[in-house]
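Student: Structure incoming, see below.
The values are calculated or read from the model by the stated rules, or taken from the named source; none is laboratory data. Everything numeric in this text was worked out from a predicted model, so none of it was measured. So basically every Cβ, Gly included, is an ideal-geometry build from the backbone, and we count neighbours across all protein chains shown. Surface areas here come from the heavy atoms of the whole protein model, side chains and all, with no ligands, DNA or RNA. Shrake-Rupley method; radii C 1.70, N 1.55, O 1.52, S 1.80 Å.
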Amino acid sequence: MTTASDSSAGVPRIPQPASTPEELRAALALVAPGALPTFDAERAAALRQAREQVSAAPMRRFVGQWAVYVAVERAPDRAARLRVLEARAAETDDLTEARAIAAEIGGIIDTAVAEAGVERGPGLL
């Protein structure tokens, strides 16, 4: 098991947490504390929607989205690479480069989805 103090390249700083709001919030506090206000606001919105719709779907989407976010952020090299790619994607006018960037971003997200144990499908991710 790794800890938040590990700095090995490509090694996650923490294990992937369980996909519950409480576990995800605790993990965020360690790997991306700046995201906590957004997490809390989106959690409140998802709870409100779940009550209004009398459906668990808004909370399932919320948990899935944040489980993937934590999966990315717990590996500092991967998170940094994703940010670089996103910045390049916003600036490039070259279609070939844009496609290569999109493919690499897709690979990062696919890996994170697998690590988070999130199912893909209509209305999920």
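Student: When you go through (1) assigned to a loop (DSSP other than H, G, I, E, B); (2) more than 19 Å from SER19 (Cα to Cα) one by one for SER55, which number turns out not to apply?
Tutor: Going through the list (1) assigned to a loop (DSSP other than H, G, I, E, B); (2) more than 19 Å from SER19 (Cα to Cα), SER55 breaks only (2).
Student: Consider VAL84 carefully, then state whether it is part of a helix (DSSP H, G or I), out of contact with any His (no Cβ under 8 Å at 6 or more places or on another chain) and open to solvent by 50 Å² or more (accessible area, probe 1.4 Å).
Tutor: When the stated conditions are applied, VAL84 passes them.
Student: Just to verify a result, which residue in the stretch 1-26, among those that are in a loop (DSSP other than H, G, I, E, B) and open to solvent by 80 Å² or more (accessible area, probe 1.4 Å), is modelled with the highest pLDDT?
Tutor: Top of the filtered list is ALA9.
Student: Related question: Kindly check whether there is at least one residue in the stretch 74-92 that is of a type in the set (S, T, N, Q) and in contact with a Phe, Trp or Tyr (Cβ under 9 Å, 6 or more places away or on another chain).
Tutor: We begin by selecting, within the stretch 74-92, every residue of a type in the set (S, T, N, Q); these are 92.
Those still in the list that are in contact with a Phe, Trp or Tyr (Cβ under 9 Å, 6 or more places away or on another chain) too: none.
No, the stretch 74-92 contains no residue that is of a type in the set (S, T, N, Q) and in contact with a Phe, Trp or Tyr (Cβ under 9 Å, 6 or more places away or on another chain).
Student: Do we find that VAL72 is modelled with pLDDT of 95 or more, crowded, with 16+ Cβ neighbours inside 10 Å and under 23 Å from ILE14 (Cα atoms) in this structure?
Tutor: Spelling it out, VAL72 is indeed modelled with pLDDT of 95 or more, crowded, with 16+ Cβ neighbours inside 10 Å and under 23 Å from ILE14 (Cα atoms).
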